[in-house]
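The values are calculated or read from the model by the stated rules, or taken from the named source; none is laboratory data. As the structure is a computational prediction, the values presented were derived from the model and not from experiment. Here Cβ is always computed from backbone atoms with ideal geometry, including for glycine, and neighbour counts include all displayed protein chains.
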Amino acid sequence: MHPNPVFRTAEHETNLQFTRERGFGVLAVSVDGAPLLSHVPFVLSDDGAWADLHLVRSNPIVRALKQPLQTRLAVSGPDAYVSPDWYGIPDQVPTWNYVAVHLIGRLELRPQEELRSLLDRQSAVFEARLAPKPAWTADKMDPEALGRMMRQIVPCRLMIEDVQSTWKLNQNKTTDARLGAAKGIEASGVGSEVDVLAQWMRDVDHAG
């Protein structure tokens, strides 16, 4: 997380809502050697106490989970390059604006019997966003084919102990400089979801 506290003032519920809506992140586990990383979809509990996810059985993280492990699930949002020219003030340097939330806690394997429920909850969350398309459900699959696929993955739960975030939206600049940067970001398109990021930058004063 960025060390500047001005970028770390988001409310706890705001961070949880952000991660819940994204539903996808990078799972990081420290072991001997380089950290193990996995890109995973997840479902956050209503109270934000835990996140359920699944991993391929052959994933090195699964092999390391002989006992629960301290884990960080990094959830990234919009990001964009910021040119100093957009601030309209002298002696500035380039930077990168972004939003990220980290869910930190203990990752554990769950009983295999919980896998079907997890998969059903995950698919229901994202299928609901595709309405009016008829929702896909596992019942549409041949039971034998579904069983074969389910044997290749395992359910996991991250028990969340801490939530940290960075919302780097040029809060450390004047309003005019920040709005100039938002306009430049939106026009440049250098980054991801730049229109969303630009709007969040414009909303800083209103949110504060």
Here is a check on your reading of the model: is Val190 under 22 Å from Phe42 (Cβ atoms) and either at pLDDT below 95 or among the β-branched types (Val, Ile, Thr) (or both)? no
Any hit, the range 167-190, residues being within 19 Å of Gly23 (Cα to Cα) and either of a type in the set (A, V, I, L, M, F, W, C) or touching a strand residue (DSSP E or B) at 6+ places or on another chain (Cβ under 6 Å) (or both): yes
Strands (runs of 3 or more DSSP E) wholly in the range 20-120 with at least 1 residues that are within 30 Å of Pro143 (Cα to Cα) and modelled with pLDDT of 95 or more - which ones? 24-29, 36-44, 50-56, 95-109
Only one of (1) within 29 Å of Ile185 (Cα to Cα); (2) in contact with a Pro (Cβ under 7 Å, 6 or more places away or on another chain) is not met by Leu107, so which one is it? (1)
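Here is a yes/no grid of residues against (1) surrounded by 16 or more Cβ atoms within 10 Å (Cβ to Cβ); (2) out of contact with any helix residue (DSSP H, G or I) (no Cβ under 9 Å at 6 or more places or on another chain):
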site	(1), (2)
Glu161	no, yes
Trp167	yes, no
Gln171	yes, no
Ala177	yes, no
Ala182	yes, no
Val190	no, yes
Asp195	no, no
Ala198	yes, no
Asp205	no, no
Which one of the conditions (1) polar (S, T, N, Q); (2) free of Cβ contacts under 8 Å to residues at least 60 places away in the same chain; (3) surrounded by 17 or more Cβ atoms within 10 Å (Cβ to Cβ); (4) more than 21 Å from Pro68 (Cβ to Cβ) does Ser38 fail to meet, given that it meets all the rest? (4)
Those residues that are among the small types (Gly, Ala, Ser) and on the phi > 0 side of the Ramachandran plot, I need them from the range 177-196; list them, please. Gly189, Gly191
Could you list all residues from the range 134-145 that are more than 24 Å from Leu44 (Cα to Cα) and either in contact (Cβ under 8 Å) with a residue 40 or more places away in the chain or surrounded by fewer than 10 Cβ atoms within 10 Å (Cβ to Cβ) (or both)? Lys140, Asp142, Pro143, Glu144, Ala145
Scan the range 173-193 and report the pairs whose first residue is farther than 14 Å from Tyr81 by Cα and whose second residue is part of a helix (DSSP H, G or I) and small (Gly, Ala, Ser), with Cβ atoms within less than 9 Å and a gap of 6+ or a chain change. Lys173/Gly180; Lys173/Ala181
